[in-house]
Amino acid sequence: MEHTIAAISTSTMSSGGISIVRMSGKDAIETADKIFVSKNGKKLSEASSHTVHYGNIVDEDGNIIDEVLVIVMRAPNTYTREDVVEIDCHGGILVTRKVLEAAIKAGAKPAEPGEFTKRAFLNGRIDLSQAEAVIDVINSKNEYALKSSVSQLDGKLSAKIKEIREVILNHVAYIEAALDDPEHISLDNYVNNIEKDVDNCVDNVYKLLKTSDNGRIMRDGIRTVILGKTNAGKSSLLNALAKEERAIVTDIEGTTRDVLEEQVNLGGVTLNLVDTAGIRKTDDYVESIGVEKAKKYAQDADLVIFVVDSSRPLDKNDDIISLIQNKNVIVLLNKSDMEQVVKPEDLKNLNKFSMVSISAKNETGLDKLEHAIKDMFFNGEISFNEIYITNVRHKTLLQEALDSLHMVKDGINQGMSEDFLTIDLMTAYEKLGMIIGEEVEDDLADRIFSKFCMGK
């Protein structure tokens, strides 16, 4: 990390009020001095840390590129723990690129994706789970995902992982010390101490793993499939939730023949909605393909919204009911603005599911649908005192650590000696360490940071 890096840290896709070109490295301030001319004639190298300076960025021939503000931040109190310079220029795409080109010609190297955050990790400012939380904050699709990512960025997951690892390491250290010096350190009945703490570690890891499904839902959204008979109001529901005319709505049965996907935010929860063809027997070849697609999507859904036209008498819904028996289901009694022919008590075979009356056409009752979804997936609300596992890598490593801890428990039950137990204890310790980056596999950091945007 000897070289100084530079990149545009704001959007490169559109113009804005300002843009930021960021540099980091031991020569960042000296590099900036080559292209910055202060209005008061002072050099940035003479400036105190965390100060703002007004002047112009010039090219190699001394021509003014832009009028700017430059922020000087000296190590170690910076994002990367290196000297950092941020150039606030006007937000045009062309002028921002010209400022970056000037920095590169002055000696900086173009930053790789995520290289600023990678340096923050390698320099010990944040651990790996916090670094991954940075990209999750940037990519957050809803309020809950953002709050969860900020919680991890704040170090809540790191603190819990370190707490578990410390318990494990204390036991490994004691056992190895006792094996090296049996005359002064005894292992008599020590296995009882291990068993109690391993049980606690298992409980803590399991509690983290239990949050992974909700964590995925917070991060990526709930895979939601809208099912129902033809003309039940499925497309009207999609339009109401999307707040625009995304699906064609007519009185003609079988209008929807293919799946239609839309992502919506309902009360802070992201729904990845799939509107499907009405489930019915049909001789229409194209429509029948749509019906089969609907059934397939329902199998993979986190949530099925079963739309029932409450203004028409019930007929046989066996095909739909068989599809949703083992799924999270909310039954919507639609068309509540019309005379109600179907009552909740008429749906005895669906009593185990949540049931909500709405009018998709008039967009009434959607707040009840929102509450039903939150009750189903988050017991009414999401508590951010709890840590949520949103990262597949973290989930995999937690599961592997849990497996190793279970092997320790099996070893205890089989009466294995303490030195054998340390093998699986250390495996669990290392797997947990990979989450926060204290145990890093080859090229792991490169793979993680390659997913970042260029200037972060």
inquiry  = For the list (1) outside any helix (DSSP H, G or I); (2) open to solvent by 20 Å² or more (accessible area, probe 1.4 Å), I need the number of the one condition that residue 34 fails.
reply    = (1)
message = Exactly one of these conditions fails for residue 232: (1) over 29 Å from the mean Cα position of the chain (by Cα); (2) free of Cβ contacts under 8 Å to residues at least 24 places away in the same chain. Give me its number.
response = (2)
task = Return the pairs, sorted by first residue and then second, in which the second residue is among the aliphatic types (A, V, I, L, M) and in a loop (DSSP other than H, G, I, E, B), the first residue lies in the stretch 400-418 and is at pLDDT 95 or above, the beta carbons are less than 8 Å apart, and the residues are 6+ apart or on different chains.
result = none
message = Among the listed residues 29, 64, identify the single one that is without any contact (Cβ under 8 Å) to a residue 40 or more places away in the chain and aliphatic (A, V, I, L, M).
response = 64
query = So, in the stretch 419-433, of the ones that are closer than 26 Å to residue 150 by Cα and without any contact (Cβ under 8 Å) to a residue 60 or more places away in the chain, which residue ends up farthest from the chain's Cα centre (by Cα)?
reply = 430
ask   = If you take the residues in the stretch 110-154 that are among the acidic types (Asp, Glu) and under 18 Å from residue 435 (Cα atoms), which one is surrounded by the fewest Cβ atoms within 10 Å (Cβ to Cβ)?
value = 154
Single match in 57, 64 (criterion: surrounded by fewer than 16 Cβ atoms within 10 Å (Cβ to Cβ), of a type outside the set (S, T, N, Q) and over 33 Å from the mean Cα position of the chain (by Cα)) = 64
query = Of all residues in the stretch 67-100, which are open to solvent by less than 60 Å² (accessible area, probe 1.4 Å) and acidic (Asp, Glu)?
reply = 82, 83, 86, 88
Residues located in the stretch 155-205, provided they are surrounded by 13 or more Cβ atoms within 10 Å (Cβ to Cβ) and among the hydroxyl-bearing types (Ser, Thr, Tyr) = 158, 174, 190
note = The number of residues in the stretch 321-375 that are over 23 Å from residue 297 (Cβ atoms) and either among the hydroxyl-bearing types (Ser, Thr, Tyr) or part of a loop (DSSP other than H, G, I, E, B) (or both) is 17
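The values are calculated or read from the model by the stated rules, or taken from the named source; none is laboratory data. Being a predicted model, the structure only gives us computed values, none of them experimental. As a convention, Cβ positions derive from the backbone with ideal geometry for all residues, glycine included, and neighbour counts pool all protein chains shown. Heavy atoms of the whole protein, side chains included, go into the accessibility calculation; ligands, DNA and RNA do not. Shrake-Rupley method; radii C 1.70, N 1.55, O 1.52, S 1.80 Å.
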